Amino acid sequence: MGPGASAVNRSIIHSVKQETFMSQTVVITGANRGIGLALARTWKNRGDEVIAVCRQPSEGLEGLGVRIIEGIDVSRTADVQRLRAALDAARIDILCNNAGIMRSETPTAMDFASIREQLEINTLGPLQVTFALLDRMAGKGKIGLITSRMGSIEDNTSGGKYGYRISKAGLNAAGKSLAIDLKPRGIAVAILHPGYVRTDMTHHSGHIEPQEAAERLVQRLDELNLSNTGTFWHSDGSILPW
């Protein structure tokens with residue numbers, strides 16, 4: 001084999017990879033900042049068509065050059081129907097339900113209105129968006145639910161955060177049912193904890209940056225299929241307890 005053979009082989013492999021890459025249409029909710037913005041950037045940079053959904057676009061999101069559908073609160077049925085109408089006949093390969101909020105309740109500072117708000121946005125919002133767009137999902141489509149290990153009952157060792165924990169546990173349960181019910185349609189569901197990420201939600205404390213979390217989450221969705229659908233994953237690939 002000549003000295004240039006390995007370089008030629010690498011070139012052929014690279015060419016084949018480029019030819020076999022197929023652009024996907026990805027819809028992301030809560031895409032204006034933090035993990036959602038990083039997800040939009042990651043999918044955009046690798047050549048996918050990104051549709052970014054948010055209540056109000058940020059300068060960072062507007063600078064990505066992706067399609068933006070704004071004014072959407074996932075807890076409002078009318079807004080979700082407007083999202084469906086705005087998508088028109090678009091076929092969705094990946095639906096990433098990322099929009100969410102976190103409040104803080106304790107036994108000495110309980111706020112039931114806050115808990116209801118988190119249930120509406122964190123649990124019912126993703127479910128409502130998913131069912132509104134289900135008939136737009138392409139064959140072998142994928143749904144990502146961005147949840148939290150704080151929704152794990154077994155992993156709860158610190159208490160507090162009643163609304164966030166309840167709403168994410170509810171989302172985890174909904175995700176498991178979706179995985180079972182949608183499997184016959186060829187649609188797989190991933191229940192994904194991004195990690196302890198430095199975002200506005202965590203007051204910029206945490207272990208990893210949004211971009212690293214996004215790259216991990218995209219990798220988990222790349223690996224998602226009908227044999228592992230319904231898994232509760234950490235973005236690092238480890239499986240979390242319910």
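The values are calculated or read from the model by the stated rules, or taken from the named source; none is laboratory data. Predicted model, so just to flag it, every value in this text is computed and none were measured. Note: ideal-geometry Cβ built from the backbone for every residue, glycine included; neighbour counts use all protein chains shown.
Of note:
- Within the range 57-73, if we keep just the residues that are under 27 Å from Glu223 (Cα atoms) and among the aliphatic types (A, V, I, L, M), the residue that is surrounded by the most Cβ atoms within 10 Å (Cβ to Cβ) turns out to be Leu61.
- Test set (1) modelled with pLDDT under 95; (2) under 13 Å from Gly144 (Cα atoms) - His234 fails condition number: (1)
- Number of residues in the range 156-177 that are farther than 17 Å from Gln128 by Cα, assigned to a helix (DSSP H, G or I) and of a type in the set (Ser, Thr, Tyr): the value is 2.
- Qualifying residue in the range 104-125 (condition: surrounded by 14 or more Cβ atoms within 10 Å (Cβ to Cβ), closer than 19 Å to Ala38 by Cα and modelled with pLDDT of 95 or more): no
- Scanning the range 37-56 for residues that are at negative phi and surrounded by fewer than 18 Cβ atoms within 10 Å (Cβ to Cβ) turns up Lys44, Asn45, Arg46, Glu49, Arg55, Gln56.
- For Arg103: the one exception among (1) under 21 Å from Val26 (Cα atoms); (2) not in a helix (DSSP H, G or I); (3) not polar (S, T, N, Q): (1)
- When we screen Ile180, Ile153 for residues that are part of a helix (DSSP H, G or I), surrounded by fewer than 19 Cβ atoms within 10 Å (Cβ to Cβ) and modelled with pLDDT of 95 or more, the only hit is Ile180.
- Of note, Asp93 satisfies the criterion of being within 30 Å of Glu223 (Cβ to Cβ), of a type in the set (Asp, Glu) and buried (at least 17 other Cβ atoms within 10 Å of the Cβ).
- Tabulated pairs, the range 61-79, first without any contact (Cβ under 8 Å) to a residue 12 or more places away in the chain, second in a strand (DSSP E or B), C-beta under 9 angstrom, 6+ apart or interchain: Glu62/Ile68
- Qualifying residue in the range 204-219 (condition: small (Gly, Ala, Ser), over 28 Å from Ala89 (Cα atoms) and buried (at least 19 other Cβ atoms within 10 Å of the Cβ)): yes
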